[in-house]
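Visitor: Let me begin by handing over the structure; questions about it come next.
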There are 2 protein chains.
Amino acid sequence: MAGKEGPRPGGRSARVQASVHGAVQALMTRMERAEVTIPMIAAEAGVTPSTIYRRWGDIQELLADVAVERLRPDMEPVDTGIGGRDLLAWAEQYAEEMSSKPGRAMIRDVLAAQDGSGAYQCCNFTKQQIEVIAARAEGRGEAFPDVDAVMDRVVSPIMYRILFGEVPDTARVARLVTGAMELVSPAPAPV
Amino acid sequence: MAGKEGPRPGGRSARVQASVHGAVQALMTRMERAEVTIPMIAAEAGVTPSTIYRRWGDIQELLADVAVERLRPDMEPVDTGIGGRDLLAWAEQYAEEMSSKPGRAMIRDVLAAQDGSGAYQCCNFTKQQIEVIAARAEGRGEAFPDVDAVMDRVVSPIMYRILFGEVPDTARVARLVTGAMELVSPAPAPV
DNA sequence: GCCACAAAAGCAAATAATTTGCGTTTATGG
DNA sequence: CCATAAACGCAAATTATTTGCTTTTGTGGC
């Protein structure tokens, strides 16, 4: 009954979307976030402002849309041969990218949008990356913590610090990863 | 030489600040966040828009300013007699308040401001609450985890889920608190 | 208490952004 | 190739933001 909700006549053009996204990225490198206006983006993209207003509503939604695209992972986590090492390498890169100036700006843009679906998507990007690492580890017969546990023990603390406090350094990230891995590996006696 | 930087002649009036804050809070209960404009706030507060523009710059900064004030804890964590129970009670209330609609709106407002000092302040509010619980526990001779550990193991996962995914339920919060307390109490053998 | 002064606030004109109605273009299914 | 519905462009109307200037207000010195 349902059938796929195929694009109906006059569907939105991908060209406008692409040029507007490109314009946003170009402008964001040249000026402060607060300086960028929709008329500016429209001029850079070669469209009229009303097109952007009608399609995205306001600049927050547009910036969030662009940020989600840029936060989408473009490659699989590197394979070091050991799950724990994969996770450490991934976490270090994640922390570095997300605490960079553009990284933090993108996160802020995603969270600032009233539509919370962007944040949810970003969370899923992260989960999927961890799932890849977990699946590889299990394929090798290694023990690997639950994805939820990794989110709680590694991802959350990194993100919290980036958003609310000082950016986490390498040593702290390593400690978080070690702590998560100890959930499944023999915990060394602390004495 | 330095001396205290006492307010100089013509210093900013606290009355305007108070009426503008009040106007923001009043309007936020009556309408959607995206509907609230500076001219509206100015009218409600009985000041001119230019006063708000000059003092706060844009609506993001104003909303962040108001949100930080509202996120400031107004009382000490309840004292149940046991540190672990104090932490659980506090965490449950924190999770509930922060995942409520107004709570999430306030967090978003704080994070959306370009001035990151609001987020830093909110983090410190949380730390201070936990420090109170920790100090009480130590005063009783109980073992209690480091504040940083509580931030990583309890606060961060709660906040991450509120911001990026589904809100944490009571059971999850309890599990997080138990996990943090096990850092200092005899961990039960998992068999 | 009064004066001088500097920071805020009010006012209003100028500028810029946002909304909206309407005609035109464009992509899709038949 | 035609019919159609969704986007888009354009331009006028509305609304928000900026800014120069004046007036008010809070503070320290006398």
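Visitor: Out of A:ASN124, A:VAL155, A:ALA174, whose Cα points farthest toward the positive end of the dipole of chain A (charges: +1 Lys, Arg; -1 Asp, Glu; placed on Cβ)?
Guide: The residue sitting farthest along the positive end of the dipole is A:ASN124.
Visitor: Just tell me which aspartates and glutamates come within less than 13 Å, Cα to Cα, of A:LYS127; anything on the same chain fewer than 8 places away is out.
Guide: Of all the aspartates and glutamates, those that pass the test against A:LYS127 - Cα under 13 Å, at least 8 places apart if same chain - are A:GLU76, A:ASP146, A:ASP148, A:ASP152.
Visitor: Now for a different question. So if I place +1 on the C-beta of Lys and Arg and -1 on the C-beta of Asp and Glu, and nothing else carries charge, what would the dipole magnitude of chain A be about its Cα centre? I want it in debye, nearest 20. Can you show the working numbers first?
Guide: Details: 21 positive and 26 negative charges, 110 e Å.
So the dipole magnitude of chain A works out to roughly 520 debye.
Visitor: Can you give the three extents of the C-alpha atoms in region B:71-181 along their principal axes, from longest to shortest, in whole Å?
Guide: Extents along the principal axes: 43, 28, 22 Å.
Visitor: Taking a label point 7 Å out from Cα toward Cβ, give me the nm distances from B:ASP58 to the same spot in the other copies, shortest first, one decimal.
Guide: 1.1
Visitor: Still on this structure: Can you tell me the dipole magnitude for region B:100-142 around its Cα centre, using point charges on the Cβ only (Lys, Arg +1; Asp, Glu -1), in Debye to the nearest 20? Write out the running numbers ahead of the final one.
Guide: On the way: 6 positive and 5 negative charges, 44 e Å.
Dipole of region B:100-142, to the nearest 20 debye: 220 debye.
Visitor: Follow-up. Using heavy-atom solvent-accessible surface (probe 1.4 Å) with all chains present, what is the largest-first order of A:ARG54, B:ARG33?
Guide: On the way: A:ARG54 200, B:ARG33 40 Å².
I get A:ARG54, B:ARG33, largest accessible area first.
Visitor: May I ask you to rank B:LYS101, B:LYS127 by accessible area, largest first, using a 1.4 Å probe over the protein chains only? Write down the numbers at each step before the final one.
Guide: Working: B:LYS101 150, B:LYS127 45 Å².
Ranked list, largest accessible area first: B:LYS101, B:LYS127.
Visitor: For chain B, set up a GNM with springs between Cα atoms under 10 Å and report which of B:MET40, B:MET106, B:MET181 has the largest fluctuation.
Guide: Comparing B:MET40, B:MET106, B:MET181 in a Gaussian network model of chain B, the most mobile one is B:MET40.
Visitor: Which of the listed residues, B:TRP56, B:VAL184, B:GLY139, is farthest toward the dipole's positive end in chain B, when Lys, Arg count +1 and Asp, Glu count -1 at the beta-carbon?
Guide: Of the candidates, B:TRP56 comes out farthest on the positive side.
Visitor: Turning to a different aspect of this structure: For A:THR37, place a label point 7 Å out from Cα along the Cα→Cβ vector, do the same in each other copy, and report the separations in nm, one decimal, smallest first.
Guide: Relative to the other copies, A:THR37 has label-point distances of 1.5 nm.
Visitor: Can you compute the charge dipole magnitude of the protein assembly as shown about its Cα centre, using +1 on each Lys and Arg Cβ and -1 on each Asp and Glu Cβ, nothing else charged? Give it in debye, rounded to the nearest 20.
Guide: Values: 42 positive and 52 negative charges, 210 e Å.
So the dipole magnitude of the protein assembly as shown works out to roughly 1000 debye.
Visitor: Give the nm distances, rounded to one decimal, from A:SER100 to the matching residue in every other copy, measuring between label points 7 Å along Cα toward the beta carbon; shortest first.
Guide: The projected label point of A:SER100 is separated from its counterparts by 4.0 nm.
Visitor: Given the options B:GLY84, B:GLY11, B:GLY103, which has the most mean-square fluctuation in a GNM of chain B, springs set between C-alpha atoms less than 10 angstrom apart?
Guide: The residue with the greatest mean-square fluctuation here is B:GLY11.
Visitor: Using the Karplus curve 6.51 cos²θ - 1.76 cosθ + 1.60 with θ = phi - 60°, what ³J(HN,Hα) values do you get for each residue of region B:74-88, in whole Hz, with x for Gly and Pro?
Guide: 9, 7, 6, x, 5, 9, 9, x, 9, x, x, 6, 4, 5, 4
Visitor: Now a separate question. Quick one: ranking B:TYR94, B:TYR53 by accessible area, 1.4 Å probe, largest first, what do you get?
Guide: Values: B:TYR94 20, B:TYR53 110 Å².
Sorted descending by solvent-accessible area, the residues read B:TYR53, B:TYR94.
Visitor: Using each residue's phi in region B:43-56, evaluate 6.51 cos²θ - 1.76 cosθ + 1.60 at θ = phi - 60° and report the 3J(HN,Hα) Karplus result to the nearest Hz, with x for Gly and Pro.
Guide: Couplings: 4, 5, 8, x, 10, 8, x, 5, 4, 5, 4, 5, 7, 10 Hz.
Visitor: Short version: ³J(HN,Hα) in whole Hz for each residue of region B:121-136, in order, from phi by Karplus 6.51 cos²θ - 1.76 cosθ + 1.60 (θ = phi - 60°), x for Gly and Pro, what are they?
Guide: Going residue by residue, I get 4, 4, 4, 5, 4, 4, 4, 5, 4, 5, 4, 4, 4, 5, 5, 4 Hz, with x marking Gly and Pro.
Visitor: Where does the protein assembly as shown land at 222 nm, in deg cm²/dmol rounded to the nearest 500, when only DSSP H runs of n ≥ 4 count, each adding -39500 (n - 2.57), divided by all residues?
Guide: Working: 20 runs with 246 residues, N = 382.
Using -39500 (n - 2.57) per qualifying helix, the result is -20000 deg cm²/dmol.
The values are calculated or read from the model by the stated rules, or taken from the named source; none is laboratory data. Note that the coordinates shown come from a computational prediction; the quantities given were computed from them, not determined experimentally. Cβ sites come from the backbone with ideal geometry, for glycine too, and all protein chains shown count toward neighbours. We work out accessible area using only protein heavy atoms, side chains counted, and drop any ligands, DNA or RNA first. Shrake-Rupley method; radii C 1.70, N 1.55, O 1.52, S 1.80 Å.
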